[in-house]
Amino acid sequence: MDGQIWFLTRSLQLSSFQAYKLRVTHLYQLKQHSILVTVGQDEQGINPLVKVWNPDKRDSGNPLCTRIFPAIPGNKPTEVSCLSVHENLNFMAIGFTDGSVVLTKGDITRDRHSKTLTLHEGTCPITGLAFRQQSKVTHLFVATLEKVHCYTLSVKEYPKLELDTHGCALRCSALTDPSQDSQFIVAGDECVYLYQPDERGPCFAFDGHKLLAHWHRGYLLLLTRDTKSPNKSEFGSRETTPSEKQILTIYDLDNKFIAYSASFDDIIDVLAEWGSFYILTRDGKMFVLQEKDTQTKLEMLFKKNLFVMAINLAKSQHLDSDGLSEIFRQYGDHLYVKGDHDGAIQQYIRTIRKLEPSYVIRKFLDAQRIHNLTAYLQALHRQSLANADHTTLLLNCYTKLKDSSKLEEFIKSSESEVHFDVEIAIKVLRQAGYHSHAVFLAERHQHHKWYLKIQLEDLKNYQEALRYIGRLPFDQAESNMKRYGKTLMHHVPDGTTLLLKGLCTDYQPSRDAMERDSLDRGPAVAKKANSEEFISVFANNPRELRAFLEHMIEVEPFSSQGVYDTLLELRLQDWAHEQDSERKKVLQGAALSLLRSDNTVFDKALVLCQMHNFKEGVLYLYEKGKLYQQIMHYHMQNEEYGKVVEACKRYGDQEVCLWEQALGYFARKEEDCKAYISQVLEHIDQNNLMPPLLVVQTLAHNSTATLSVIKDYLINKLQRESQQIEDDERKIRQYREETAHLRAEIQELRSSAKIFQKTKCSMCNSPLELPSVHFLCNHSFHQHCFESYAESEAECPTCTPENRKVMDMLRAQDQKRDLHDHFTRQLRCSNDGFSVVADYFGRGVFNKLTLVTDPPGGKVGAGSLEADLQRDLLIHTKRNA
């Protein structure tokens, strides 16, 4: 009443300054600016003044007053009933008891930058004002005792909208914060109404005679009379008598509960600051209401089992997901204990991702609650948090409940909605006997192994399994045919053989008609499997194997050798078991054609022919491998004497020992084999293959072979030996005569002069011209010819090649003689004679070497004689004409 304004700090320190001379009627402190707007009186009468203060700036120790102007709507003075200032400092509204509202637009802290106009006129006093800012639109709510209006200030004409036909008392209106969409609150005696700029919103039936309404941080504070009082009459009839009690109630409208309620005496006002409510009473006391922290609130609600309210409170306080999950868990536990399992499982579902699933699963494993467990497991799968055990448990629940519709819905969900381990699901369904569902799942998700396993092992649907393999890509079709080929061959031989033919030649996955029409495929790269790897599939199906192999060598002539070997074995088996001679001949030709194709492995083919006693094949392979002795031994084992002699004639040139073996074979036979022995001896005699003594020793073992058998052989042999002796004696005489002639010539060269009478060059055959070169061998050369062709000045170019041959032969004889002595000495001194022989043999010591030998009788000194003769012949004379 003295015109002072008091400041109270958070530490409860008081300070004041004189704002008006008489009294202060209204205060408005902006939240975002350090600006204080007041209404008061400096003189008697109805003459209200508006002052704008800046507490941050000082004037003689007091806050700076930046603006003063009278609050008069028009010419007639009237009292101010309420005041509101926009936070952007561009609008200020003053309500009067005569029903008018004055709006100041512009900078409210300065006179020159603002203008004042009467926005609203009426007969009913103004009881409440509030500015609402939504993006760029500004509204002003105006409340009277009878009506509620809304003005749009961002439009030039300031359009007005009447929102309701009943108003409120003074100080019984407020504006919610932006989190509640900045709604205008009007507290009537029967209800509390909330208004949007264009319509009335929800209402709350809070009965009682309202004295004060305030909004702070989501709480609605209402002050009502404790005793019944008359309905509203005069504008100022809200004063209370000292005997009346007042009820202060704080509501949480979002969570729909009463946060606080208490009885007070003579409350003057309630202020909200620093997160608390400050209650001022007429007796000079101030009470503080501090909000409890969220956790304390929740614990209080938990004790009262008000879990729904706790959940709403936690959400409004933006509690994190861990905190919410804990509330859901406690709520679920509470419902579970009460026996509300359906409600409990819904709360547990809300704890997914935070609460360990096993905590819930253990509670509902009882068969009576299996449907609740199913619901929880479904939610786990929908959130892709289920592991293999969860999938197994869910499918077992479906099968226990025999809920085929749910089961189908679960497994037939779209591929983007699959939240479980498909392979585990297939295993469980198969184990539970739901084979059709398991097959559907395996086919849809391309678990080829499980699809085929169920079709073949459980459903025995071999034809369908074969069709499925035929639709797979090459690599998968190949691997599955290797795995299941034997089973399919046993039950569907023709179809399996056909599929294998395609797989090993030019495989293309089969498609349904609709797929072929809708699928625009480019040229596919053909792949081929190794046909040899599938031979084992036909283990018990030789007919199909034969058809498969014949198809392979027809389509792929360069198939692997294993294909040809297996087909050869099949053809030899057929040949061996065939009784019809004509058919046997055809099969023989087919087998031989395979052998001649050169695609079979020699060793395997030979073993197969020997096992089946296929004579033609064995002989062909012996001849192909140049095993001529084996051919002859084969005939010997079968005592085919004529074939033995024929083999010797045919292959004797390649292996001469065949004749010797043939002679030994016939010699060991006790039958009369004179004719064959004669043929062998004739060839041995013609080609001088055996010494006569060895022939006689060989035939001595045959008791039926008499002297008459080898009579002609011996006579011929002796005759040839006699002829050879005569020829050798004639050569000896010839060599002796030549030697004597050479000695005489050498003697003449040593004792007499040599006259060179050659007239032509021995090299170019042109007439000799000086200078010339003459040799004692009677060869003469031009000087320039000799220098061009001679390798050495001491040797005749014409005689050099022949002389060199002779000298090489002489040196070889000397080395041979020295090597023989060394070899004999080393062999005699060594402990391992065989290794010495082997070493010399490897060095080529025993290779045959043809040398010119001396005639009989000239052995002594012959080597030195020929060496002297060569040296004498190489002496030459170089003479210049």
When you check residue 507 against the structure, is it touching a helix residue (DSSP H, G or I) at 6+ places or on another chain (Cβ under 6 Å), within 30 Å of residue 428 (Cβ to Cβ) and either crowded, with 19+ Cβ neighbours inside 10 Å or at pLDDT 80 or above (or both), yes or no? no
I'd like to check something: does segment 154-163 contain any residue that is more than 21 Å from residue 78 (Cα to Cα), part of a strand (DSSP E or B) and either small (Gly, Ala, Ser) or open to solvent by less than 30 Å² (accessible area, probe 1.4 Å) (or both)? yes
Being of a type in the set (Val, Ile, Thr) and at pLDDT below 90 narrows it down to one residue among 68, 72, 94; which is it? 72
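Which ranges mark the helices (runs of 4 or more DSSP H) fully within segment 378-477 that have 3 or more residues being hydrophobic (A, V, I, L, M, F, W, C)? Quick ask: steps written out before the conclusion?
Working: elements: 388-401, 404-411, 422-432, 435-444, 448-453, 462-470.
Fully inside segment 378-477 and qualifying: 388-401, 404-411, 422-432, 435-444, 462-470.
Would you call residue 802 of a type in the set (Asp, Glu), part of a loop (DSSP other than H, G, I, E, B) and either modelled with pLDDT under 85 or open to solvent by 80 Å² or more (accessible area, probe 1.4 Å) (or both)?
It is false that residue 802 is of a type in the set (Asp, Glu), part of a loop (DSSP other than H, G, I, E, B) and either modelled with pLDDT under 85 or open to solvent by 80 Å² or more (accessible area, probe 1.4 Å) (or both).
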What single numbered condition from (1) in contact with a strand residue (DSSP E or B) (Cβ under 6 Å, 6 or more places away or on another chain); (2) of a type outside the set (Lys, Arg); (3) under 24 Å from residue 402 (Cα atoms) fails to hold for residue 277? (3)
Only one of 474, 440 is open to solvent by 10 Å² or more (accessible area, probe 1.4 Å) and touching a residue at least 40 places away in the same chain (Cβ under 8 Å); which? 474
Take residues that are under 27 Å from residue 591 (Cα atoms) and in contact with a His (Cβ under 7 Å, 6 or more places away or on another chain) and tell me which of the helices (runs of 4 or more DSSP H) falling wholly in segment 619-682 contain 1 or more. 641-651
List every residue pair whose Cβ atoms sit under 9 Å apart, with the two residues 6 or more apart in sequence or on different chains, where the first one lies in segment 157-178 and is without any contact (Cβ under 8 Å) to a residue 40 or more places away in the chain and the second, anywhere, is among the basic types (Lys, Arg) and part of a strand (DSSP E or B). 163/200; 164/200
Filtering segment 721-762 for residues that are open to solvent by less than 90 Å² (accessible area, probe 1.4 Å) and either under 23 Å from residue 781 (Cα atoms) or within 60 Å of the chain's Cα centre (by Cα) (or both) leaves a count of 8
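Out of segment 790-836, which residues are of a type in the set (A, V, I, L, M) and either out of contact with any helix residue (DSSP H, G or I) (no Cβ under 7 Å at 6 or more places or on another chain) or at positive phi (or both)?
790, 794, 809, 812, 819
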Residue identified as surrounded by fewer than 17 Cβ atoms within 10 Å (Cβ to Cβ), on the phi < 0 side of the Ramachandran plot and at pLDDT 80 or above among 287, 277: 287
Residue list for segment 109-142, restricted to those being aliphatic (A, V, I, L, M), open to solvent by less than 30 Å² (accessible area, probe 1.4 Å) and out of contact with any His (no Cβ under 8 Å at 6 or more places or on another chain): 119, 129, 130, 140
Of all residues being of a type in the set (Gly, Ala, Ser) and within 27 Å of residue 64 (Cα to Cα) in segment 94-123, which is nearest to the chain's Cα centre (by Cα)? Just the residue, please. 106
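The values are calculated or read from the model by the stated rules, or taken from the named source; none is laboratory data. What you see is a predicted model; the values in this text were computed from it and never measured. We place every Cβ from the backbone using ideal geometry, glycine too, and count neighbours over all the protein chains shown. To get the accessible areas, we keep the full protein, side chains included, count just its heavy atoms, and leave off ligands, DNA and RNA. Shrake-Rupley method; radii C 1.70, N 1.55, O 1.52, S 1.80 Å.
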